[in-house]
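The values are calculated or read from the model by the stated rules, or taken from the named source; none is laboratory data. Computed from a predicted structure; not experimentally measured. All Cβ positions, even for glycine, are placed from backbone atoms using ideal geometry, and neighbour counts span all protein chains on display. Accessible surface is based on the protein model in full, side chains and every heavy atom, while ligands, DNA and RNA are left aside. Shrake-Rupley method; radii C 1.70, N 1.55, O 1.52, S 1.80 Å.
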There are 2 protein chains.
Amino acid sequence: MNPSPLTNRRNLDFMLYEVLGVDRLCAYPRFAEHSRDTFGAALDLAHQIALEKFLPHNRKSDLNEPQMVDGKVELIPEIGEAVQAYNDAGFAAALADYDAGGMQLPFVVAQACDSMFSAANPGTIAYPALARGASNLLAEYGTPDQKRRYMQPIIEGRYFGTMCLSEPHAGSSLADIRTTAEPQADGSWRLTGAKMWISAGDHELGENIVHLVLAKIVGAPAGVRGISLFIVPRWRVNADGSRGERNDVRLAGLNHKMGQRGSVNTFLKFGESGDCHAELVGEPHHGLGYMFHMMNEERIGVGMGAVLQGLAGYLYSLQYAQERRQGRHPDQKDPTSPPVAIIEHADVRRMLLQQKVYVEGAELLGYYASLLVDHARDPDESVRRDSHLLLELLTPIVKAWGSDYSLKANELAIQILGGYGFTREYPVEQNYRDNRINPIHEGTNGIQALDLLGRKAMMQDGAALKLLMAKIAQTCIEAGAHPPLMPLADQLAVAAKLAIDATRAAGARMAAGDVRLALANATHYMTALGHVVIGWLWLQQAAIAQAALADASGDDRDFYAGKLQACRFFFATELPLVEHHARLVRDGEASAFEMRPEWF
Amino acid sequence: MNPSPLTNRRNLDFMLYEVLGVDRLCAYPRFAEHSRDTFGAALDLAHQIALEKFLPHNRKSDLNEPQMVDGKVELIPEIGEAVQAYNDAGFAAALADYDAGGMQLPFVVAQACDSMFSAANPGTIAYPALARGASNLLAEYGTPDQKRRYMQPIIEGRYFGTMCLSEPHAGSSLADIRTTAEPQADGSWRLTGAKMWISAGDHELGENIVHLVLAKIVGAPAGVRGISLFIVPRWRVNADGSRGERNDVRLAGLNHKMGQRGSVNTFLKFGESGDCHAELVGEPHHGLGYMFHMMNEERIGVGMGAVLQGLAGYLYSLQYAQERRQGRHPDQKDPTSPPVAIIEHADVRRMLLQQKVYVEGAELLGYYASLLVDHARDPDESVRRDSHLLLELLTPIVKAWGSDYSLKANELAIQILGGYGFTREYPVEQNYRDNRINPIHEGTNGIQALDLLGRKAMMQDGAALKLLMAKIAQTCIEAGAHPPLMPLADQLAVAAKLAIDATRAAGARMAAGDVRLALANATHYMTALGHVVIGWLWLQQAAIAQAALADASGDDRDFYAGKLQACRFFFATELPLVEHHARLVRDGEASAFEMRPEWF
């Protein structure tokens, strides 16, 4: 039985090494001092801190959400203690250069470390995760001075960070933001506006908070082309890096959420007194591009965060199903026979397998996408280019498919526990509530679907999709070499072909000017292509498991047998759905499109 | 725009009269004094009380859940006031005879009245709904003395009731209950045991609580054949009907739930002091059959309760989508153009239509099943027999399909509201949480699926299914007479045939002894047959709408156009899924069945 509530380490190692070969990254100069041993040590450390410092207050955070007292945010003390332990162990600097005091870990390994914290406590990990996102953006686009004054203190765990995009009237529509920036004679900027849904927007965990804020410079072009990016520190930072006066950023309110209650969600007002100091990042009007650098990694982070909530629920319900004894087989008519463990009931195994294929499939996809981020450091330009293209294509799938299906997994975990699952004495209902935000934030899943079909699948004449299809074809060849997997390889090839046909039809419709109708089925496209991608990853796992099975024994043998069976389950019960969803895209299903508002 | 947050009255009238012809029940002697006018007056009254007394404290109940203080349950006062208003208006006696002070309403009309209360506040309506269930059971199986002493005070709104089935170790497995009953020399009984998950198990709303408790008489046969049913009053009731001493029933604890927090959920102990007085209902060892009389109506009630939460979320998100302006069409490149109402976005309409087809489809099914309950009073024996058969078949679908798909609807309502939907400032997240219990209680949906495939579809050589198929064929003929609906009629006939083929294959497998494998796909069978049934009801609605459209004008025209478009949407996006799920049943999909516990 898996001994941890946070991870199945056997499966994590399988994904990282047997499937993805993450240790090959150590051939890159940047990771030359790393090895499977140092990765393993980081994972062990993350697991220990997550178990000891993050998990114990997960329910307490839910029951004692942040309060606004005298204009400040009050958190339960365990949050600060956990973040401190995380920073002390160096995880705030997991990605940073050795020179900056960092661990210089690959992105994929840092994601795997964070998986432990996410599974243990998604509310608490939000604070350092957002800070790291801000520091990554500054590492890429900040001036040396901005890096020294804002990025370095984040890496050291002293400062935190946020992303400020949404406004109350425009959650998803950034073209309509109203926050404005006025240049000053001394080259500095003053900001005025209000930002909504700002996670970790105010708290006393560190010395300062670095808000990365989208705003429009006075007189800028309308729409997203007129958006710039600014650093707005909660406390101003002097030239020498010392902390200056309180900046004109005010906590105007808290949002009271269904879940993720531990991570404070704020409404912030900038420049109410006309004195909100800001620094421009990069060039004027290019802010959205910079923010998307951060957003893309955050979207992988959101997808992974969702998956880890799915995993936490899966592991809990699996253990429950192994221990809880109730009922008998339908052909067992003797009422004096002992009740069986509920995992003996086929429908319970169905619910467990559904969770397994969703969660382990999406988890592997998240690590694969993270590995593609690391490939930006590959010496071979074609690898860098291809990896970037694939990453662009897969990111909306990581985010949307991952969060949609992990949420379904959480729902199934509740169902397995029955009445107990509906109570707050068990963790699975909180898993669901905490996870419910993930299909919404960092771009709703509807927007991810539009991005996937309208941009990513079409870009460079479908270059990213072609790359993906070549990889799928390769997997079909490799898996097909194992006779038991031959029918599955054939099935995947057919499903992939259906997705391609749907893409072509949608593309032709868009080219002919029917953009709205083509994109009306974007969510069906997400399901179709997402299922193809997850089916591909399951077939990869099955091929590796099949090859390893002959020489495996004991727990390993069971592990590989489980991978094979889960692949068969996905191909029997999920992959056939591609046909339906791809057909709706291909045929331009129009009933929702043609429905009129007044007919409801 | 629909003016009520609780109901779409135009649609309710459409279902009750245009589709189901509920007013034809007035031809039965029992309902001879009723008319569409009296039904309408009852519905208006229910709507008014629901709006004024139930809706306003729905969130307050969620935020201030019942507390156990000095061994008693404390509720917020608004619950008592709402229940009082409900009783004062006569709804506790909606079904009861005129002689007993009742309204003598048909079951289907009483359900429609209750729909207003369920949509407004599912926690508060639970108290009178359970009381009514208990009084219905006693009306059927109680002695005249039991009716006088226990049923009559419920009808008068003075007593409440519960169903006590589950025990902590055996939620779904009634064969394993341990509560025991010992006969006394004077013919009375003493009970000992513990019951879990008892809704409304203790409170001070009325003078007394009538617990209907499943227990085993000492020496009874093992399993469900040894279960008897007992009345256990919280306060003993003297022969003259006056209230006697406190009985030996103790509130041992409260369950703290994810949702439905207003309805107290209790852990009760019976006979800790050896003095729990009980009265046998009916014959010894026949208790489960009596309870299932109540359970079947409760299962319709649970399905309807779920649907009404789905409806509340749908109506709210519809209004939100009509009012909230954000974003532009994908081919609108001018960022200075005004944002559109989000209902203009095709994917939002898709999410609204999905809610509409799930909720209105399941709601109509619930009313149809309720009408079949009323057909027990039909003078024609063949109508009574057929209606009973159909009711038996449809009840698990009402419960399981209704709760599964209404929950999906609630999830979509949250998604439409975006970040706001995730906050407790808006009602849709509570709708979801309140609804999450419905796939679990009154028999989990997995158990409903086993009941559907293993018993109901097979009973009397498939007689119920044959009846259903004859009705579906009739609808296909009627709808097919309208040329625009002809392809839909053909599609439904094909889908129904697939469900029948799957049923035959599963039956053959069971007859051959492969019971476990055949039933391993019961949940897929529920989806397949459920979709066929809902598709059938949508086609019925479409045929009526198509016929009415030509002469309709104004809002009516929009209403019928919406019904037709929703039917097309269901047939395009949902009904095709029957093929997949039916095939899994037909082919005896075995991957979950063959998965071994140690492989997870």
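Among residues belonging to the stretch A:505-519 that are over 19 Å from residue A:592 (Cα atoms) and part of a helix (DSSP H, G or I), point out the one that is least open to solvent (accessible area, probe 1.4 Å).
Taking the stretch A:505-519 first, the residues over 19 Å from residue A:592 (Cα atoms) are A:507-508, A:511-512.
Next cut, part of a helix (DSSP H, G or I) only: A:507-508, A:511.
Working: A:507: 17, A:508: 60, A:511: 91 Å².
Among those that are over 19 Å from residue A:592 (Cα atoms) and part of a helix (DSSP H, G or I), it is A:507.
Please list, ordered by first then second residue, the pairs with beta carbon atoms under 6 Å, 6 or more apart or interchain, first in the stretch A:172-200 and within 19 Å of residue B:327 (Cα to Cα) and part of a strand (DSSP E or B), second open to solvent by 30 Å² or more (accessible area, probe 1.4 Å) and not aromatic (Phe, Trp, Tyr).
That search, which allows pairs on different chains as well, returns A:194/A:269; A:196/A:168.
How many residues, within the stretch A:341-359, are more than 16 Å from residue B:174 (Cβ to Cβ) and outside any helix (DSSP H, G or I)? Before you say what the answer is, go through the steps one by one.
Taking the stretch A:341-359 first, the residues more than 16 Å from residue B:174 (Cβ to Cβ) are A:341, A:343-344, A:346-359.
Still in the running and outside any helix (DSSP H, G or I): A:341.
So the answer is 1.
Please enumerate the residues belonging to the stretch A:413-432 that are surrounded by 24 or more Cβ atoms within 10 Å (Cβ to Cβ) and of a type in the set (Ser, Thr, Tyr).
Correct list: A:432 only.
Given the residues A:561, A:547, which is the only one that is over 27 Å from the mean Cα position of the chain (by Cα), within 16 Å of residue B:598 (Cα to Cα) and part of a helix (DSSP H, G or I)? If you could, list the steps in order and put the result at the bottom.
Working: A:547 fails: within 16 Å of residue B:598 (Cα to Cα).
Answer to the check: A:561.
Residue A:578: in contact with a His (Cβ under 7 Å, 6 or more places away or on another chain) and either modelled with pLDDT of 95 or more or in a helix (DSSP H, G or I) (or both), yes or no?
On the way: in contact with a His (Cβ under 7 Å, 6 or more places away or on another chain): yes; either modelled with pLDDT of 95 or more or in a helix (DSSP H, G or I) (or both): yes.
Yes: the conditions hold for residue A:578.
From the list A:198, A:231, which one is β-branched (Val, Ile, Thr) and within 14 Å of another protein chain (Cβ to nearest Cβ)?
Values: A:231 fails: within 14 Å of another protein chain (Cβ to nearest Cβ).
Only one candidate qualifies: A:198.
Of A:480, A:530, which residue is away from chain B (no Cβ under 14 Å) and under 27 Å from residue B:328 (Cα atoms)?
Working: A:480 fails: under 27 Å from residue B:328 (Cα atoms).
Unique residue meeting the criteria: A:530.
Which condition number in (1) open to solvent by less than 10 Å² (accessible area, probe 1.4 Å); (2) over 23 Å from residue B:415 (Cβ atoms); (3) within 14 Å of another protein chain (Cβ to nearest Cβ) is the one that residue A:178 fails?
For residue A:178, the failing item is (1).
Just to verify a result, which residue in the stretch A:402-434, among those that are under 25 Å from residue A:57 (Cα atoms) and hydroxyl-bearing (Ser, Thr, Tyr), is nearest to the other protein chains (Cβ to nearest Cβ)?
A:423
Please give the number of the condition residue B:201 fails out of (1) open to solvent by less than 30 Å² (accessible area, probe 1.4 Å); (2) more than 26 Å from the chain's Cα centre (by Cα); (3) of a type outside the set (Asp, Glu).
Failed condition: (2).
Identify all residues within the stretch A:459-505 that are in contact (Cβ under 8 Å) with a residue 24 or more places away in the chain and polar (S, T, N, Q); write none if there are none.
Matches in the stretch A:459-505: A:460, A:475, A:491, A:503.
Test each condition in (1) crowded, with 18+ Cβ neighbours inside 10 Å; (2) farther than 16 Å from residue A:577 by Cβ for residue A:531 and report the one that comes out false.
(2)
Pairs needed: first member in the stretch A:373-393, touching a residue at least 40 places away in the same chain (Cβ under 8 Å); second member anywhere, among the acidic types (Asp, Glu) and part of a helix (DSSP H, G or I); C-beta distance under 6 Å; at least 6 residues apart or different chains.
none
Restrict the check to the stretch A:305-323 and report whether at least one residue is touching a strand residue (DSSP E or B) at 6+ places or on another chain (Cβ under 8 Å), open to solvent by 10 Å² or more (accessible area, probe 1.4 Å), closer than 21 Å to residue B:174 by Cα and among the polar types (S, T, N, Q). Explain how you work it out, then say what you get.
To start, the set of residues in the stretch A:305-323 that are touching a strand residue (DSSP E or B) at 6+ places or on another chain (Cβ under 8 Å) comprises A:321-323.
Filter again for open to solvent by 10 Å² or more (accessible area, probe 1.4 Å), leaving A:322-323.
In the following step, the residues that additionally are closer than 21 Å to residue B:174 by Cα were identified as A:322-323.
Now narrow it down to the ones that are among the polar types (S, T, N, Q): A:322.
There is at least one residue in the stretch A:305-323 that is touching a strand residue (DSSP E or B) at 6+ places or on another chain (Cβ under 8 Å), open to solvent by 10 Å² or more (accessible area, probe 1.4 Å), closer than 21 Å to residue B:174 by Cα and among the polar types (S, T, N, Q).
Does residue B:368 satisfy being open to solvent by 10 Å² or more (accessible area, probe 1.4 Å), hydroxyl-bearing (Ser, Thr, Tyr) and within 14 Å of another protein chain (Cβ to nearest Cβ)? Steps first, please.
Working: open to solvent by 10 Å² or more (accessible area, probe 1.4 Å): yes; hydroxyl-bearing (Ser, Thr, Tyr): yes; within 14 Å of another protein chain (Cβ to nearest Cβ): no.
Criteria not met by residue B:368.
Taking into account only those residues within the stretch B:200-224 that are touching a helix residue (DSSP H, G or I) at 6+ places or on another chain (Cβ under 8 Å) and at pLDDT below 95, which is nearest to residue B:277 (Cα to Cα)?
So the residue we want is B:220.
Going by what's in this entry, would residue A:168 be described as over 22 Å from residue A:125 (Cβ atoms), touching a Lys or Arg at 6+ places or on another chain (Cβ under 9 Å), open to solvent by 50 Å² or more (accessible area, probe 1.4 Å) and touching a residue at least 12 places away in the same chain (Cβ under 8 Å)? Give the derivation first.
Working: over 22 Å from residue A:125 (Cβ atoms): yes; touching a Lys or Arg at 6+ places or on another chain (Cβ under 9 Å): yes; open to solvent by 50 Å² or more (accessible area, probe 1.4 Å): no; touching a residue at least 12 places away in the same chain (Cβ under 8 Å): yes.
In short, no.
For the structure I just gave you, tell me whether residue A:262 is touching a Pro at 6+ places or on another chain (Cβ under 8 Å) and away from every other protein chain (no Cβ under 14 Å). Steps first, answer last, please.
Details: touching a Pro at 6+ places or on another chain (Cβ under 8 Å): yes; away from every other protein chain (no Cβ under 14 Å): yes.
Yes, satisfied.
Please count how many residues of the stretch B:581-599 are more than 14 Å from residue A:574 (Cα to Cα), within 8 Å of chain A (Cβ to nearest Cβ) and outside any helix (DSSP H, G or I).
2
Kindly indicate whether residue A:104 is polar (S, T, N, Q), open to solvent by less than 30 Å² (accessible area, probe 1.4 Å) and assigned to a loop (DSSP other than H, G, I, E, B).
yes
Within the stretch B:540-589, track down each residue that is of a type in the set (Asp, Glu) and open to solvent by 20 Å² or more (accessible area, probe 1.4 Å). Break it down into steps so the answer makes sense when it comes.
Here is the first cut: in the stretch B:540-589, the residues of a type in the set (Asp, Glu) are B:551, B:555-556, B:558, B:574, B:579, B:587, B:589.
Answer for the stretch B:540-589, where residues must be of a type in the set (Asp, Glu) and open to solvent by 20 Å² or more (accessible area, probe 1.4 Å): B:551, B:555, B:556, B:558, B:579, B:587, B:589.
Please specify each residue of the stretch A:260-306 satisfying the condition of being assigned by TED's automatic domain parsing to the domain that holds residue A:182 and closer than 30 Å to residue A:59 by Cβ.
Within the stretch A:260-306, A:260, A:261, A:262, A:263, A:264, A:265, A:266, A:267, A:268 qualify.
Return the pairs, sorted by first residue and then second, in which the second residue is among the charged types (D, E, K, R), the first residue lies in the stretch A:435-455 and is within 10 Å of another protein chain (Cβ to nearest Cβ), the beta carbons are less than 7 Å apart, and the residues are 6+ apart or on different chains.
Pairs found: A:439/A:404; A:445/A:404; A:446/B:347.
So residue A:30 clears everything in (1) in contact (Cβ under 8 Å) with a residue 40 or more places away in the chain; (2) in a helix (DSSP H, G or I); (3) of a type in the set (D, E, K, R); (4) closer than 30 Å to residue A:250 by Cβ except one condition, right? Which one?
Status for residue A:30: all satisfied but (4).
Filter the stretch B:273-292 down to the residues that are part of a helix (DSSP H, G or I) and either of a type in the set (A, V, I, L, M, F, W, C) or in contact with a helix residue (DSSP H, G or I) (Cβ under 6 Å, 6 or more places away or on another chain) (or both) and list them by number. Even if it seems obvious, please write down each step before you answer.
Within the stretch B:273-292, the subset part of a helix (DSSP H, G or I) is B:287-292.
Residues satisfying the conditions are B:288, B:290, B:291, B:292.
Answer yes if at least one residue in the stretch B:389-412 is over 30 Å from residue A:451 (Cα atoms) and open to solvent by 30 Å² or more (accessible area, probe 1.4 Å), and no otherwise. Break it down into steps so the answer makes sense when it comes.
Going through the stretch B:389-412, the residues over 30 Å from residue A:451 (Cα atoms) turn out to be B:389-403.
Going one step further and asking which of them are open to solvent by 30 Å² or more (accessible area, probe 1.4 Å), we end up with B:392.
Within the stretch B:389-412 (the criterion being over 30 Å from residue A:451 (Cα atoms) and open to solvent by 30 Å² or more (accessible area, probe 1.4 Å)), the answer is yes, since at least one residue qualifies.
Would you confirm, using the coordinates I've provided, whether residue B:379 is within 10 Å of chain A (Cβ to nearest Cβ), open to solvent by 10 Å² or more (accessible area, probe 1.4 Å) and outside any helix (DSSP H, G or I)? Spell out the reasoning first.
On the way: within 10 Å of chain A (Cβ to nearest Cβ): no; open to solvent by 10 Å² or more (accessible area, probe 1.4 Å): yes; outside any helix (DSSP H, G or I): yes.
Judged against the criteria, residue B:379 is not a match.
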